[in-house]
Amino acid sequence: MLPRAPARNLLLDALPSQDRRHLLAECERVDLVLADVLHEPGERIRHVYFPTNSFISLITPISGHERLEVGLVGDEGMLGTSLVLGVNSARTLARVQGAGVA
């Protein structure tokens, strides 16, 4: 059996090493629990998440009380990318669909 590779985030790995070190110095490790809601539509985005071995569903309300999954954030990305564009209000429900670390 091969040893398991450490959990990583591919977006963070793609940063130049100095930028990555600077960013990670401001980050903290969090455990994401299955079904936890990280933000609701209309809420102010207060944190960004870089999943490593977890994933987060982005769900939008549609007619009535129905909802539709419109995205998934895993170890390739970041929850909270709209902050980069100056948008600090969530448009989707962000729910942990795969427990793990971010």
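The values are calculated or read from the model by the stated rules, or taken from the named source; none is laboratory data. Please read all numbers here as calculations on a predicted model, not as lab measurements. Positions of Cβ are backbone-derived with ideal geometry, glycine not excepted, and every protein chain shown enters the neighbour counts. What goes into the accessible areas is simple: the full protein's heavy atoms, side chains included, and nothing from ligands, DNA or RNA. Shrake-Rupley method; radii C 1.70, N 1.55, O 1.52, S 1.80 Å.
Miscellaneous remarks
- Scanning region 31-45 for residues that are of a type in the set (D, E, K, R) and closer than 16 Å to PRO61 by Cβ turns up GLU40, GLU43.
- Just so you know, in region 58-75 the residues that are outside any strand (DSSP E or B) and in contact with a strand residue (DSSP E or B) (Cβ under 6 Å, 6 or more places away or on another chain) include one that is farthest from GLY98 (Cα to Cα), and it is ILE62.
- Filter pass, ARG21 being assigned to a helix (DSSP H, G or I) and over 18 Å from GLY100 (Cα atoms): yes
- Scanning region 36-57 for residues that are part of a loop (DSSP other than H, G, I, E, B) and either of a type in the set (A, V, I, L, M) or in contact (Cβ under 8 Å) with a residue 40 or more places away in the chain (or both) turns up ASP36, GLU40, PRO41, GLY42, GLU43, ILE45, VAL48, PHE50, PRO51, THR52, ASN53, SER54.
- Some residue of region 83-99 being assigned to a loop (DSSP other than H, G, I, E, B) and among the polar types (S, T, N, Q): yes
- Note on region 47-76: among residues that are under 12 Å from the mean Cα position of the chain (by Cα) and open to solvent by 90 Å² or more (accessible area, probe 1.4 Å), the one that is farthest from GLU26 (Cα to Cα) is LEU72.
- Close pairs from region 11-29: first of a type outside the set (Asp, Glu), partner open to solvent by 70 Å² or more (accessible area, probe 1.4 Å), Cβ under 7 Å, at least 6 apart: LEU11/GLU76
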